[in-house]
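Worksheet: the structure to be examined is printed underneath.
Just so you know, all these numbers are worked out from the coordinates, no wet-lab data involved. For clarity, every value in this text was computed on a predicted model and none was experimentally measured. Don't worry about glycine lacking a Cβ; one is built from the backbone with ideal geometry, like all the others, and counts go over all protein chains shown.
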Amino acid sequence: MSSGIDSREWYKSAVFYQIWVRSFADGNNDGIGDLYGVYDKLEYIKSLGATAIWFNPLYPSPNADYGYDISDYCNIHPDFGDLEQFKKVLDKAHELGMKVIMDLVINHTSDEHPWFIESKKGKDNPYSDYYLWRDEPNNWDSLFEGEAWEYVPERGQYYLHLFAKKQPDLNMDNPKVREEVKKILRFWLDMGVDGFREDVINFISKKEGLPNGIGFLPVIGSMMHYKDGPHIHEYLKEFRDVCDEYGAVQIGEGPMTTARSALKYLSGDTKSMDMMFSFDHMMADCLFTEYMHRPFKLIKLKKALSKWQDKLNDKAWNSLYMENHDHPRVVSRYGSRKFHRESGCAIAAAYLFLKGTPFIYQGQEIGMTNIKLRSIDHYVDISSKNNYNKYNLKKDEDFRLKRIHISSRDSARTPMQWDDGKNAGFSDVKPWFYVNSNYKEINVKKQEGEDDSILNFYRECIKLRQSNETLIFGDYYEYEKANPYVYMYTRTYGNEAFIVICSFARESIPFILPKAFRGVRTRLMVTNYPDKRNKGEILTLPHSGLMLYPYEALVVRAKART
């Protein structure tokens, strides 16, 4: 790019592909996805136009939270391979021109980590203060599993766990713990990784004294005492200094982070992150769908996306995503079963052309959907089980199970659907988790052979994005904010503009263009209705407006309006 991207800011022109390894590809046929399978699929990832890979945790773990409870930060889980195989994957990815970042989880460890095993023995050992202990618990609730404190008879105290009981929180106020984190960073950076995605990073500094939360919701009421805590920027600067030595990228995950508070992490003297994952746009149907589900509202989605585009413009860089390992499948949430292909494409166009760095989660590029299992006993996600048992207890089983069908993180973790053969091509043996029953209709092999598939639409959008500076650096402006069915925005850079129009309606609808675009000569660059629109043709946007097909996505190129 000729617009000032230096080697430290390679992420600005990148497209990331996120891999949750356990369900991606089984290379040694034991039913569990692994690094051998990843190695064999690297050319496929490259074929999408991806230039970087984000791995969810690969470390040894008891899997109470499937990798986010780490028992050894400097090794690979035996289910996935070993350090030698990881290095082969890393080197091949680099040969293919793709960067690789790891997941860094330092708010908590597994209770099977050697640090915790020692810490719980008593107050007089070197690891005693590696975790947060109290004689009496406060009133905090965990986000995953009941109260946030667990008693250990051996030590005669309670330890804090903001997530599962098997995920004790580290005491980041202890400088020895921060030094351990720096050792972990250097271990992987010395191996050659290009950066980190840092899990719930805005939780690592707790308020001194750990005071009681307030309000009727203990989780929300206590979050004020550990979200964006008193020493957060001080501690993150220490870690930033290490990453800066290597030119490594840092991407934070910030639950409940606003655009305003994110700027403290992304800019100015307190800058510690290159990007921050937010959750605002995941509230378009309500993020906490287990017990507060609301139907999808496009206006809520648009408002959230535009807020982050506007607030960060020329101050910081956005991360762009519609799916990841923590959310149900987006086509099942924001799209349509009837218009599966069309809605999958419309969702893609709606976010891939925003200003920022796109992330694509495995299976998103073929429109994988939520799984519906017959019993809560068939689910494995600790959050889903807790929510099923905790919320809506007065409701019957069918009601609660329906909520889990809508909301479970397990829907994002079903085996990748590669083809219509045995086990969807994921493994020759029975997979560790259920394969979605629609794999014969929704799979990579089938969509490879269809020019108008969701898969090839992603490839087309990414290719256009990466070939044009306007779609990377251009200014964002939203039109028709109050329209409940259409998301329309422009990206403008110099004398060039791209107009993105995405319908989220289930039927054809008339769309009256804003006055500024009536009669404008454009070239159609992207369409998900190639049988009804002529891609590449010069067209004049009609004064009478457009008739948009269900979930139609249009991207047109024009001269910038002055």
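A few comments on the model shown:
- Packing-based ranking, highest mean first, of 431-440, 88-97, 403-412 given that Cβ atoms within 10 Å are counted: 403-412, 431-440, 88-97
- Shape analysis of the stretch 318-446 yields a ratio of the Cα radius of gyration to the Kirkwood radius, Rg/Rh, of 0.99.
- Cβ charges +1 (Lys, Arg) and -1 (Asp, Glu), total dipole of the stretch 474-559, debye: 220 debye
- Tensor-based shape of the stretch 1-109 (alpha-carbon gyration tensor, a/c under 1.5 rounded, otherwise prolate or oblate): oblate
- Cα-based Rg of the chain normalised by 2.2 N^0.38 Å, two decimals: 0.97
- Qualifying lysines (Cα of each under 16 Å from Cα of Lys355; at least 8 residues distant if same chain): Lys12, Lys302, Lys303, Lys307, Lys311, Lys315, Lys463
- Dimensions of the stretch 172-249 based on its C-alpha atoms, expressed as ranges along the principal axes with the largest first, amount to 47, 22, 15 Å.
- Exceeding the 24 Å Cα-Cα cut-off - candidates Lys123/Lys176; Lys46/Lys559; Lys41/Lys445: Lys46/Lys559
- Over the stretch 474-559 - Rg/Rh using Cα atoms and the Kirkwood inverse-distance radius: 0.93
- Cross-link reach list, aspartates and glutamates versus Lys535, counting only Cα pairs under 18 Å and skipping chain neighbours closer than eight places: Glu342, Glu450, Asp451, Asp452, Glu460, Glu552
- About its Cα centre, the dipole of the chain is roughly 2560 debye, where the only charges are +1 on Lys and Arg Cβ and -1 on Asp and Glu Cβ.
- Surface/4 of the Cα convex hull for the stretch 79-231, nm²: 10.6 nm²
- Sparse-neighbourhood loop sites, chymotrypsin sites (Phe, Trp or Tyr not before Pro) in the stretch 208-274 - DSSP loop, at most 12 other Cβ within 10 angstrom: Phe216
- Quarter of Cα convex hull surface for the stretch 114-160, i.e. mean projection, nm²: 3.4 nm²
- Separation between Cα centres of the stretch 342-420 and the stretch 1-79, rounded to whole Å: 20 Å
- Prolate/oblate/rounded label for the stretch 188-345 (Cα gyration tensor, a/c 1.5): oblate
- Dipole of the chain computed with +1 at Lys/Arg Cβ and -1 at Asp/Glu Cβ about the Cα centre; of Phe239, Leu160, Gly519, farthest Cα towards the positive end is Gly519.
- Placing +1 on the Cβ of every Lys and Arg and -1 on the Cβ of every Asp and Glu, with no other charges, gives the stretch 114-160 a dipole of roughly 180 debye about its Cα centre.
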